[in-house]
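Notes for the one structure printed next.
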Amino acid sequence: MKVSELKHGGLKKWVEEAIALMTPDSAEVCDGSREEYDAMIGLTIESGLATPLNPDILPGSVLFRSDPSDVARVENRTYIASNNKEDAGPTNNWIDPAELKKIMTELYKGCMKGRTMYVIPFSMGPVGSEIAKIGIEITDSPYVVANMHIMTRVGSKVLDVLGTDGSYVPCFHSVGKPLAPREKDNGVWPCAPLDKKYISHFPETREIWSYGSGYGGNALLGKKCLALRIASVLARDEGWLAEHMLILKITNPKGEVKYITGAFPSACGKTNLAMLIPTLPGWKVETVGDDIAWMKFGKDGRLYAINPEAGFFGVAPGTSLESNPNAMKTISKNTIYTNVALTEDKNVWWEGIGYDAPGKLIDWNGNVWYQDKNNKGQKPAAHPNARFTGPANQCPAIAKEWEDPAGVPISAFLFGGRRPRTIPLVNQAKSWAHGVFMGSIVGSEVTAAALDLKEGTIRRDPFAMLPFCGYHMGDYFQHWINIGKKGDPDKLPKIFFVNWFRKTESGKWLWPGYGENSRVLAWIFDRCSGVGSAVDTPIGYLPTEDAITPPSGVSSEDLKELLSVDIKGWKAEIADVRQNHYPKFGDKLPKELFAELNAIEKRLNS
Ligand code: OXD
Ligand code: MN
């Protein structure tokens with residue numbers, strides 16, 4: 001469709017202004033069709049950016065290799081440009097919006113020369129759902145168009161819902177690499193140098209401006225930028241929740257169903273949990289979403305969640321038929337791979353795929369690579385943040401309700417991190433405020449690999465939202481407290497802290513994780529049904545010793561340790577929160593959270 005055919009006057013004007021600024025060679029509006037997807041992939045193959053994979057092994061799939069400077073979200077180049085610095089809070093980068101727009105307008109001038117501008121109408125959430133939001137992304141990257149086709153709902157059907165005057169979130173994106181006459185990408189991933197990359201959010205005007213990166217969350221603007229940073233602001237203003245949470249459906253042996261959402265920092269196995277295959281006989285887990293949940297109160301007073309996305313943008317390394325067979329099946333066709341290694345028969349390979357590299361590979365940098373198991377320092381063949389983009393409807397475990405426009409009613413929230421010590425396997429909050437307190441202290445223990453923090457300290461990532469909250473984190477905590485006040489306590493989800501990552505003093509895992517986590521989910525399910533036995537402790541409700549049957553390899557002593565309250569460890573935890581974590585939020589920290597901190601401390605001391 002041509003830009004001149006757009007029926008929405010405001011949208012047409014905005015696109016025409018962008019054309020005048022960015023001066024692409026041509027511009028087109030995306031229709032979301034399979035032909036369009038194939039054409040985009042065709043263009044990237046022609047420009048040497050994509051390699052078609054073996055159609056007998058991975059039908060309809062391609063591999064991209066990005067630039068070494070463009071392999072992940074760039075948090076230090078990500079901005080929340082609110083009118084007042086105070087509103088971005090201590091955990092976000094801030095530049096005055098007028099100043100930032102001036103800098104970026106200069107960068108956008110002529111930035112699409114030699115390229116085509118694509119106007120992508122997309123819906124986050126089922127098209128037309130009351131909870132869904134529409135965005136329009138302008139981009140010069142066919143890679144982005146193809147990925148958006150998988151990750152969101154794209155095309156004419158979205159324009160139909162938008163009508164002639166509907167509202168949308170305007171999103172600018174350019175890779176920041178104009179082409180000279182007759183210049184082609186020629187296999188070189190287009191992007192701008194790091195100091196020219198900007199991933200900017202304007203919360204008051206609900207705009208997203210991205211420049212200089214073609215990768216993942218920096219460029220697929222529906223995901224972290226719209227569905228979390230901008231949506232968190234909308235949710236605050238409109239009284240709902242936009243969260244960095246997976247959504248799963250769980251069915252017990254009696255056929256009863258519940259839905260659970262969960263927030264975990266990156267690298268805690270969120271996608272694996274969303275697609276878990278239970279080891280507990282008779283239980284079933286199905287997937288509604290693996291990364292983001294939008295939740296609103298229904299007429300019955302319960303919170304209903306939708307997954308605003310339509311695909312999975314998952315980390316490939318570590319994904320195998322053993323760790324996540326459902327993910328492996330999801331990405332067995334029609335998948336875009338980025339920065340994984342290529343085998344001689346045009347298959348993909350990555351570290352942790354479950355088998356040795358089959359001979360000669362081309363690594364993510366495009367170099368020949370042979371596995372050398374004797375070389376502990378060998379650089380990986382796949383980048384550690386290599387990704388797959390796969391359609392959610394190809395997931396064998398996808399729940400039939402995953403596209404229900406009304407969403408699914410949530411019974412429980414989970415919070416967790418990588419905590420080798422102190423935090424028990426599972427722990428239920430005593431109240432909503434106690435649960436919000438738990439969410440506010442989420443974090444993972446720092447390993448030797450992180451250079452900026454001392455080993456053993458906790459890198460806090462409240463609600464797993466640290467890089468994704470579009471406003472002051474203290475106000476965000478207050479918003480959670482307010483949601484609890486608005487809801488009926490009997491209908492609000494119950495809140496649980498889980499920890500799959502406990503170790504013994506000697507460094508042995510105490511809990512096997514993966515499918516065995518179903519034993520914990522079953523207890524949570526039962527607690528939400530008002531059964532499931534628990535003991536009341538200073539830190540919350542813990543399962544009684546017989547409430548969880550240990551899997552093989554976990555002794556009853558191990559289970560006892562996993563389910564006990566480490567009073568000394570918790571006192572240190574509370575002291576760390578009081579001294580190092582909560583002061584960051586100044587007087588924006590809700591008084592309810594201070595009260596929870598004091599109450600837990602008192603209980604631990606009594
Ligand atoms: C992601 C993340 O990419 O949370 O989903 O980092
Ligand atoms: Mn995520």
dims of the chain, Cα set, principal axes, largest to smallest, nearest Å -> 75, 55, 47
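How large is the helix-only mean residue ellipticity at 222 nm for the chain, computed as the sum of -39500 (n - 2.57) over DSSP H runs with n ≥ 4, divided by its residue count, in deg cm²/dmol to the nearest 500?
Working: 16 runs with 149 residues, N = 606.
Rounded to the nearest 500, the figure is -7000 deg cm²/dmol.
GluC sites (Glu not before Pro), restricted to region 101-156: which are DSSP loop and have at most 15 other Cβ atoms within 10 Å?
On the way: sites: GLU106, GLU130, GLU137; in loops: GLU130.
Those that pass, being in a loop and sparsely packed, are GLU130.
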Longest principal axis of the chain (C-alpha) makes with the long axis of helix 97-108 (C-alpha) an angle, in degrees to the nearest 10, of 40
Ranking TRP350, VAL154, GLY282 by how far each Cα lies towards the positive end of the charge dipole of the chain (+1 on Lys and Arg Cβ, -1 on Asp and Glu Cβ), the top one is GLY282
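By DSSP, what percent of the beta bridges with both residues in the chain are antiparallel, rounded to the nearest 5?
On the way: 64 of 94 bridges.
So the antiparallel bridges amount to about 70 percent of the total.
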For ARG153, other-chain or 5+-apart residues with amide H closer than 5 Å (H placed, Pro excluded) are SER123, GLY125
Whole-Å distance linking the alpha carbon centroid of region 396-470 with that of region 168-215 is 31
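Given charges of +1 on the Cβ of Lys and Arg and -1 on the Cβ of Asp and Glu, with all other atoms neutral, how large is the dipole of region 250-339 about its Cα centre, in debye to the nearest 20? Kindly include the intermediate steps, with their values, before the conclusion.
Values: 9 positive and 7 negative charges, 46 e Å.
Using only the charged Cβ atoms, the result is roughly 220 debye.
Can you work out the accessible area per residue across region 354-443, with the rest of the protein chains kept in place, probe 1.4 Å, in square angstrom?
Values: 3550 Å² over 90 residues.
With all protein chains present, region 354-443 gives 39 Å² per residue.
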With Cα coordinates, the longest principal axis of the chain makes an angle with the long axis of helix 473-486, in degrees rounded to 10, of 60
Of all trypsin sites (Lys or Arg not before Pro) in region 334-428, the ones in DSSP coil with at most 11 other Cβ atoms within 10 Å are LYS373, LYS376
The correct pair for region 488-600, radius of gyration to one decimal and Dmax as a whole number, both in Å and from Cα atoms, is 16.4, 49
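Counting only heavy atoms of the protein chains, get the accessible area per residue of region 113-177 (1.4 Å probe) and round it to a whole Å² value. Walk me through the intermediate numbers first.
On the way: 1700 Å² over 65 residues.
Counting only protein heavy atoms, the per-residue value for region 113-177 is 26 Å².
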For the chain, longest principal axis from Cα atoms; helix 567-576 axis from its Cα atoms; angle between them, nearest 10 degrees, is 40
Residues whose modelled amide H sits under 5 Å from the amide H of PHE312, counting only those 5 or more places away in sequence or on another chain, are GLY390, ALA392
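Strictly over 24 Å apart at the Cα level, which of LYS486/LYS602; LYS101/LYS223; LYS299/LYS400; LYS254/LYS494; LYS184/LYS223 would you flag in this model? Mind dumping the intermediate values first?
On the way: LYS486/LYS602 28 Å; LYS101/LYS223 22 Å; LYS299/LYS400 22 Å; LYS254/LYS494 21 Å; LYS184/LYS223 29 Å.
Beyond 24 Å between Cα atoms: LYS486/LYS602; LYS184/LYS223.
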Between the alpha carbon centres of region 17-72 and region 551-606 the gap in Å comes to 48
Between MET245 and residues 5 or more places away or on another chain, the pairs with built amide H atoms under 5 Å apart involve ILE292, ALA293
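The values are calculated or read from the model by the stated rules, or taken from the named source; none is laboratory data. Since this is a predicted model, take the numbers as computed values, not measurements. Methodologically, a virtual Cβ is constructed for each residue, glycine included, from the backbone with ideal geometry; neighbour enumeration extends over all protein chains shown. What goes into the accessible areas is simple: the full protein's heavy atoms, side chains included, and nothing from ligands, DNA or RNA. Shrake-Rupley method; radii C 1.70, N 1.55, O 1.52, S 1.80 Å.
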